[in-house]
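Below is one structure, written out as C-alpha cells; the observations come after it.
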Amino acid sequence: MHIIKKPSREEAREVMPDIQRRNFLKQLGMGAAFVTAATIATGCHKDDDDNNMNGAGISLGSGDVAVLNYAYALEQLEAAFYTQVVLTPYTGITDMELDFFKDIRNHEIGHREFFKAALSTNAIAGLEVDFSSIDFTKRASVLATAKAFEDLGVSAYNGAGQYISSSATGLVYLGLAGKIVSVEACHAAYIRDLIEPGSFAAADVVDANGLDKSRTPADVFNIAKAYIKTKINTNTLPK
Amino acid sequence: MDLFNIFREIEKIDPDVYDRLDSRRNAMKQFTNISGKIALAAIPFALGSMFSKAYAQSGSTSVADVLKYALTLEYLEEAFYVKGVATAGLIPTAAATAAITNIRNHETAHVNFLKTVLGNMGGAPASPTFDFTAGGTFPTVFTDYNFFLAIAQTFEDTGVRAYKGQAGNLSGSNTVLTAALNIHSVEARHAAHIRMMRRALGTLGASPALKPWITLNQSGIATTAVNPSYAGEELTTQAGVDIAALGGNIGANSASEAFDEPLTMAQVLPIASLFIKS
C-alpha cells in the first residue's frame, strides 16, 4: 500500500492560472483530509464559501490558505491600530516611544502587505476594524491594547504552526511564521516593559516550564472579534 | 548494533519506508506491516529509528537530534546566567538582577523541560562544561557588566535564530513543534529586554541606537567576534516579496526588522563551540 502523495503547491502554481488555484487548493484540502481523516473533520472542507453551520461572513479559505488568511487578518488589525497610534499620539508620548511605535507600525504593515502579496487572489478583503473601546489620547489605553495585541499575536502564531502543512510550500510558510513571531515577541516585551518595567516575560505569559502561550484560532478570534467589525467565517480554520 | 544498518535492511524490504512515515499514527500502522519481514531482535531498534524518522517527516534531522541541539544551547545559556547572577558586583541594580534572574530561571526551566522530553525519547545528553571567556577572547565577560549584557544579547539572538532554523524539522510533530515555538518566543522576549538594558547603559559603551528588534545585521556590539550571530539578518526580501518596497515603502531598516532570520545547525554550532570546553 502506498500513501497518497499530495502534489506540491509549487507545482500547482506553475501549471495553473491564479483563478483556478482557489479550487485546486480546495481539492488539496480534501486530499489532506483523506490522508489524515482521523485528525481532520472532512466536513470543514466540503464547502468553504458561505453556508457552513453558522458561516456568515467572509471565508478564510481552507488548508494553508486559511492559516495564512488568519495571520493576515491579525496583521491587518495590528497595522491599523499602530497606524492610528502614530497618527494621533497619546498625550505625553516620548520621542523614543513615538519612534518605536513608528517602527512597530512599519513591521506590522510589512507583515500585512507580505501576506497580501503571498496570498494573491486567495487573500481576504481588507477588514473593517472597531477601535471604539480604545482611547488613543491616553497612554494607558494605548499601551494596554498594544500589549493585548502583541501577546495575542505571539500566542496565535505559536498555536498556528502545527496547522501549517508539511508540503514544500507549507514549510516555507512555517519558516515565515517563525520569522514573524519572534518580532511580535520583541514588540510584546518592549510594550510590557513600558507598562511595567521588568514584565517582558512575566508569569502571566511564560509558564513554569519557561514556555510562552499558544492559542487556538478559535480562542484568538474570540478575543480579537471585539476589534473587528467585518464578519469572518471561521468554520474552515483548523481546530 | 548499528541503527543505520537496521534501517538499510528495512529499506531493502521497503524502499518507500521514508515516504510512509508521515505521521506517528502511520508509523505504528506501517511498523505492523513491516515487522513481520525483519528479524525479531532488530525490532526495538527499527522501531526507534522509525519513530525518530516519523517525528521528523521533512527528513534530514530527527526530532531527538533537534531537541539535543536545543538542550545544548539551553545548557549554555543557563550556565552563563547562573554564573552571572552568582558573580558578586557584576549586576549593578536590583531591577537588572531581577530581570537576569527571571531569564536564568526560564533557561533552567527550558533545560529541565527538554531533559524530560528527551528522557522519554532515549535519554538526554549531560551538560558540557563551558568557558565563557572563549579561551581568553572575552576575559572581562563576568567583570564588565556592559560586555556581560552584550554576550547575553548574542546568546539570546542566537538562540532565537537557532530555534527558528529547526521549525521545519519539527513540522508534523505537533506537540514538539508547538513547545519549540513556545520556547522560541520567550527567547525573543529576553533578547528584546536585554537590548533595552544595553540601550539604557549608553554611557558604558553600548550603542544608544539599540532597539528592542534587530536592524539589518547590526549587533550594537563592538567586537566582530559576534558577527556570525547576526549574519543574514539584513534580509529584506521574503519568499520573493520585496518587503522594503511594500506599504508605501517602509524601507530596508523596517523590512529587515520585521522578519527575523533563521540560522542552521552548521552556523550555530561553531558559535556555541567557542564557549564549550568539553
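The values are calculated or read from the model by the stated rules, or taken from the named source; none is laboratory data. Treat the numbers as computed from the prediction; the structure is a model and nothing was measured. All Cβ positions, even for glycine, are placed from backbone atoms using ideal geometry, and neighbour counts span all protein chains on display.
Could you list all residues from the range B:68-97 that are within 14 Å of chain A (Cβ to nearest Cβ) and assigned to a helix (DSSP H, G or I)?
Within the range B:68-97, B:70, B:71, B:73, B:74, B:75, B:77, B:78, B:81, B:94, B:95, B:96, B:97 qualify.
Would you check if residue A:219 is over 26 Å from residue B:255 (Cβ atoms), part of a helix (DSSP H, G or I) and not hydroxyl-bearing (Ser, Thr, Tyr)?
yes
Kindly establish whether residue B:145 is within 10 Å of another protein chain (Cβ to nearest Cβ) and aromatic (Phe, Trp, Tyr).
no
Checking residue B:246 against (1) modelled with pLDDT under 95; (2) out of contact with any Asp or Glu (no Cβ under 8 Å at 6 or more places or on another chain); (3) part of a helix (DSSP H, G or I): exactly one of these is not met. Which one?
(2)
Please work out if residue B:126 is away from chain A (no Cβ under 11 Å) and part of a helix (DSSP H, G or I).
no
Among B:170, B:114, which is touching a residue at least 60 places away in the same chain (Cβ under 8 Å), closer than 30 Å to residue A:64 by Cα, more than 8 Å from chain A (Cβ to nearest Cβ) and crowded, with 24+ Cβ neighbours inside 10 Å?
After ruling out the rest, the residue left standing is B:170.
Taking residue B:137, is it free of Cβ contacts under 8 Å to residues at least 60 places away in the same chain and closer than 23 Å to residue B:201 by Cβ?
no
Which condition number in (1) assigned to a loop (DSSP other than H, G, I, E, B); (2) out of contact with any strand residue (DSSP E or B) (no Cβ under 7 Å at 6 or more places or on another chain); (3) not aliphatic (A, V, I, L, M) is the one that residue A:236 fails?
(2)
For residue B:179, all conditions in the list (1) part of a helix (DSSP H, G or I); (2) at the interface with chain A (Cβ under 7 Å from one of its Cβ atoms); (3) at positive phi hold save one; what is the number of the exception?
Result: residue B:179 fails condition (3) only.
Please work out if residue A:180 is of a type in the set (A, V, I, L, M, F, W, C) and surrounded by fewer than 21 Cβ atoms within 10 Å (Cβ to Cβ).
When the stated conditions are applied, residue A:180 does not pass them.
Within the range A:81-96, work out how many residues are away from chain B (no Cβ under 12 Å) and in a helix (DSSP H, G or I).
The total comes to 6.
Considering (1) within 11 Å of chain B (Cβ to nearest Cβ); (2) surrounded by fewer than 23 Cβ atoms within 10 Å (Cβ to Cβ); (3) in contact with a helix residue (DSSP H, G or I) (Cβ under 6 Å, 6 or more places away or on another chain), say which one residue A:193 fails and leave the rest.
(3)
Here are some residues: A:207, A:212. Which one is part of a loop (DSSP other than H, G, I, E, B), more than 16 Å from the chain's Cα centre (by Cα) and facing chain B (nearest Cβ under 7 Å)?
A:212
If we keep just the residues of the range A:100-128 that are more than 22 Å from residue A:176 (Cβ to Cβ) and surrounded by fewer than 18 Cβ atoms within 10 Å (Cβ to Cβ), which is nearest to the other protein chains (Cβ to nearest Cβ)?
Selected residue: A:102.
Return the pairs, sorted by first residue and then second, in which the second residue is aromatic (Phe, Trp, Tyr), the first residue lies in the range A:157-169 and is facing chain B (nearest Cβ under 9 Å), the beta carbons are less than 6 Å apart, and the residues are 6+ apart or on different chains.
What qualifies is A:164/A:173.
Give the number of residues within the range A:171-186 that are facing chain B (nearest Cβ under 7 Å), more than 20 Å from residue B:191 (Cβ to Cβ) and in contact (Cβ under 8 Å) with a residue 12 or more places away in the chain.
1
Scanning for something within 9 Å of chain A (Cβ to nearest Cβ) and without any contact (Cβ under 8 Å) to a residue 24 or more places away in the chain, does the range B:200-221 turn up at least one residue?
yes
For the range A:196-223, give me each residue that is crowded, with 21+ Cβ neighbours inside 10 Å, under 30 Å from residue A:94 (Cβ atoms) and aliphatic (A, V, I, L, M).
Correct list: A:201, A:205, A:206.
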